[in-house]
Amino acid sequence: MEILIFILILTVLVLVHEAGHFFVAKKLGIKVEEFGFGIPPRAFSLKRGETVYSINWLPIGGFVKLYGEDSAGGGKVKP
């Protein structure tokens, strides 16, 4: 039972942590390409606006993929 409680608490902490990245990026005008829970490949995804929300097969960790994060571009959406 303790292991299940630990996993549940860890899951909530990861989601809150990644949500912090997500909301700060949105507040600063940075395009969020994907908000994912778990490690890819994707098990399920839903696209709302410019962001893909995904649940991945390995439920360990999470990530927020920002526009321009992997390339030179600064990540800001140009008007």
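Being among the β-branched types (Val, Ile, Thr) and under 22 Å from LYS47 (Cβ atoms) is the filter here; which residues of the stretch 15-32 pass it?
Within the stretch 15-32, VAL24, ILE30, VAL32 meet the criteria.
For the stretch 14-67, which positions are in contact with an Asp or Glu (Cβ under 8 Å, 6 or more places away or on another chain) and over 28 Å from LEU4 (Cα atoms)?
LYS31, VAL32, GLU33, GLU50, THR51, VAL52, LYS65, LEU66, TYR67
Looking only at the stretch 27-42, decide whether some residue is modelled with pLDDT of 95 or more, part of a helix (DSSP H, G or I) and either of a type in the set (D, E, K, R) or in contact with a strand residue (DSSP E or B) (Cβ under 8 Å, 6 or more places away or on another chain) (or both).
There is at least one residue in the stretch 27-42 that is modelled with pLDDT of 95 or more, part of a helix (DSSP H, G or I) and either of a type in the set (D, E, K, R) or in contact with a strand residue (DSSP E or B) (Cβ under 8 Å, 6 or more places away or on another chain) (or both).
With the condition kept exactly as written, say whether any residue in the stretch 7-25 is without any contact (Cβ under 8 Å) to a residue 60 or more places away in the chain, at positive phi and surrounded by 14 or more Cβ atoms within 10 Å (Cβ to Cβ).
So far as the stretch 7-25 goes, no, none of its residues is without any contact (Cβ under 8 Å) to a residue 60 or more places away in the chain, at positive phi and surrounded by 14 or more Cβ atoms within 10 Å (Cβ to Cβ).
The values are calculated or read from the model by the stated rules, or taken from the named source; none is laboratory data. These numbers were taken from a predicted model, which means no experiment stands behind them. With ideal geometry, Cβ positions are generated from the backbone for all residues, glycine too; neighbour counts draw on all protein chains shown.
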